[in-house]
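One structure is given here, and the rest of the page talks about it.
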Amino acid sequence: MTSRTIRAFVLTAPGKGSVQEVPAPEARPGDVVVDVERVGVCGTDVEFFTGDMIYLHQGHATYPIRLGHEWAGTVSAVGDGVDPAWVGRRVMGDTMLGDGVCRRCRRGAQHLCENRQEVGIRGGRAGALAEQLSVPVTSLRELPGSVDAVLGALVEPGGNALRAAQGAAAGPGDRVLVLGPGTIGLLVAMFVRAAGAEVHLLGRSEASLDFARGVGFEHAWTEDSLPQLRFDAVVDASNAEHLPARALDLVEPAGRVVYIGLAGTPSLIDTRTLAVKDVTAVGILSASPGLDATIAAYANGSVDPRSLVAATVGLEQVGGVLAGQLPERAGAGPKIHVDPRIV
């Protein structure tokens, strides 16, 4: 009897990956199998492609690896102990899978579990750049009918952005500066705008700033053109090592700085400035606590990030995307999606 296989993109070494036939996932006890419909390519995936991802150097991840943690699909099979009613439901899933028994998990911070797996990232848990995916049923979030596959695959980055926007604690009458108009920065800007605050964006390339203006953010600046304004909160969603300190300089006294971007080298801030300005600093890791609220925002239309997706490709094009090649006829948005059903 021949074991069933599926197509999956497998990264075997820095800069080396291909679509392979791999064993189809099984619905183990407590797990479900999902037919994947859409996957977002993330900066973390690119770091695995280049070999720079820190988990590779810490022993939390090794090649070969199957990437993909921003996904949406439909449940096609369930394991023992899982309600069969899950079959046929449209879902997305939490990337962070805690052990469920440690102190952090018991206190509701499973996304910070020291022993966690991360789908497509850490601990050998295969990701969603494949025709099918196996995940614990406890990680699933059901998607309402108004949240299509495009939005479903944007819930995970949206959850991170929502938490950053909540960390800024801004509303009507507040002015917020978001550093970095990439996927996360633009999502943060959308959630902050939905909360009623005035949003400004700071970026490096005119192309990215033009795109930001095109999706309704008229206050888009470079560092050289940034006007001297008072910002009640500053969110650093960039990967520039100097911007965490710049965020602290730009925020108003008694304001808030939110750090969600990660630079490739250590960033330094002067904690004396933090103290003297009486600033609240917030760090964000993971979408986990923000997934439900993100789905609700997409469902009610208060935030619609579909415009961020520049193109949708098949598995065969993933290697090129990770290497920085724009798909043919790609739009100007910062996000590339993959549909594993495209052959």
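Read the figures in this text as sums done on the coordinates, not as results from a lab. If you're wondering where the values come from, they're calculated on a predicted model, not measured in any experiment. Cβ atoms come from the backbone with ideal geometry, glycine included; neighbour counts cover every protein chain shown.
Numerical summary
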{"quantity": "Distance (nanometres) between label positions extended 7 Å along Cα→Cβ at residue 101 and residue 341", "calculated": "4.0"}
{"quantity": "Residue order, fewest to most beta carbons within 10 Å, for 92, 190, 53", "calculated": "53, 190, 92"}
{"quantity": "Selection of trypsin sites (Lys or Arg not before Pro), region 32-139, meeting DSSP coil and at most 10 other Cβ within 10 Å", "calculated": "107"}
{"quantity": "Relative pair counts by distance (%), Cα atoms of region 161-283, 5 Å bins", "calculated": "2, 13, 25, 26, 22, 9, 3, 0"}
{"quantity": "Estimated FRET transfer efficiency (residue 24, residue 293; beta-carbon r; R0 25 Å; 0.05)", "calculated": "0.15"}
{"quantity": "Rough spin-label spacing in nm, given labels placed 7 Å along Cα→Cβ, for residue 16 and residue 242", "calculated": "3.8"}
{"quantity": "Under the Debye formula (equal points on every Cα, no solvent term), log10 I(q)/I(0) of the chain at q = 0.07, 0.11, 0.13 Å⁻¹", "calculated": "-0.29, -0.72, -1.01"}
{"quantity": "Under the Karplus curve 6.51 cos²θ - 1.76 cosθ + 1.60, θ = phi - 60°, whole-Hz ³J(HN,Hα) for region 45-61, x wherever Gly or Pro sits", "calculated": "4, 5, 5, 5, 5, 7, x, 8, 4, 4, 4, 5, 8, 9, x, 7, 8"}
{"quantity": "Selection of trypsin sites (Lys or Arg not before Pro), region 254-334, meeting DSSP coil and at most 11 other Cβ within 10 Å", "calculated": "329"}
{"quantity": "Longest exposed-site-free window of the chain, the sites being GluC sites (Glu not before Pro) in a DSSP loop that have at most 15 other C-beta atoms within 10 Å", "calculated": "115-217"}
{"quantity": "Mean residue ellipticity (222 nm) of the chain, computed from DSSP H runs ≥ 4 via -39,500 (n - 2.57), nearest 500", "calculated": "-6500 deg cm²/dmol"}
{"quantity": "Fewest-first ranking of 226, 154, using other Cβ atoms within 10 Å as the exposure measure", "calculated": "226, 154"}
